[in-house]
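First the structure, in the form of structure tokens, and then the observations on it.
Taken together, the values in this text are just the output of simple stated rules run on the coordinates, not laboratory data. Quantities reported herein were computed from a predicted structural model and do not represent experimental measurements. As a convention, Cβ positions derive from the backbone with ideal geometry for all residues, glycine included, and neighbour counts pool all protein chains shown.
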Amino acid sequence: MTGGSRGIGAAIALRLAEDGTDVALTYRHDEDRARAVADRIKAAGRRALVLRADSADEAAVTEAVESSVSEFGRLDILVSNAGRFPVAPLEQLDVAEFDRTIAVNVRAPFVAARAAARHLSGGGRIINIGSNMAERAVFPGISLYSLSKTALIGLTKGLGRELGPRGITVNLVHPGPTDTDPADGPNAGTIRGFTALGRYAEPAEIAAAVAFLAGYGGAYVTGTVLTVDGGFSS
């Protein structure tokens, strides 16, 4: 999986390990946190592989998939979680930021899926991690981020149709506000107020949705979006 060193990504990696999966995870900067996640995966009795890869680098993403297959001998599940979250007024967003955001949030899942499809067989799963802000952009300054996450809907639906005949499912999870870092910032109360449940999600709750799609329960689910946002988009 891409982006597995912290937050939602770390929770997904650990949940998949608890469910019996060996996990390869990528990180960009924080090797110590990535290796701490790997240690917990190993403590759960599974194998772990830590790979440094910038998701904006096409070759690095492809190599991460190939290295995972080489290490474990097979590939059953791809989770594309790495993401970039630019927040700025339109006038302050330059083309360089646009290009990097699209490279990380859209191109990387495409490149990873292309590489993974060479190795996945019947029962294989591709799970992209998006954002409920693709469905409801309630704050100013997130137009680029929302654009990038909306693109994943089309990618997921298209790949679901294309890979379905091979028995490979492709789905998209849209998390809502999640307590990946302390949810007590100046806007925390406002953000909680947008949810029907009045709270942030725990990372483990997002991971549980991914585990559902990766497991038996998700065998007949493909090309769809599972929104886990506490009613934020209602």
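Just a few scattered comments:
- Leading residue by the ranking (farthest from His174 (Cα to Cα)) among those in segment 72-92 that are hydrophobic (A, V, I, L, M, F, W, C) and surrounded by fewer than 17 Cβ atoms within 10 Å (Cβ to Cβ): Phe72
- Residues in segment 131-169 that are aromatic (Phe, Trp, Tyr) and not in a helix (DSSP H, G or I): 1 in all.
- For the condition more than 18 Å from the chain's Cα centre (by Cα) and either without any contact (Cβ under 8 Å) to a residue 24 or more places away in the chain or surrounded by fewer than 23 Cβ atoms within 10 Å (Cβ to Cβ) (or both), Arg28 does not qualify.
- Extreme residue, nearest to Thr169 (Cα to Cα), among residues of segment 205-234 that are touching a residue at least 60 places away in the same chain (Cβ under 8 Å) and in a loop (DSSP other than H, G, I, E, B): Thr222
- Residue list for segment 34-57, filter: part of a helix (DSSP H, G or I) and touching a strand residue (DSSP E or B) at 6+ places or on another chain (Cβ under 7 Å): Ala34, Arg35, Val37, Ala38, Ile41, Lys42
- Looking across segment 73-94, the residues that are assigned to a strand (DSSP E or B) and either on the phi > 0 side of the Ramachandran plot or of a type in the set (A, V, I, L, M) (or both) come down to Ile77, Leu78, Val79.
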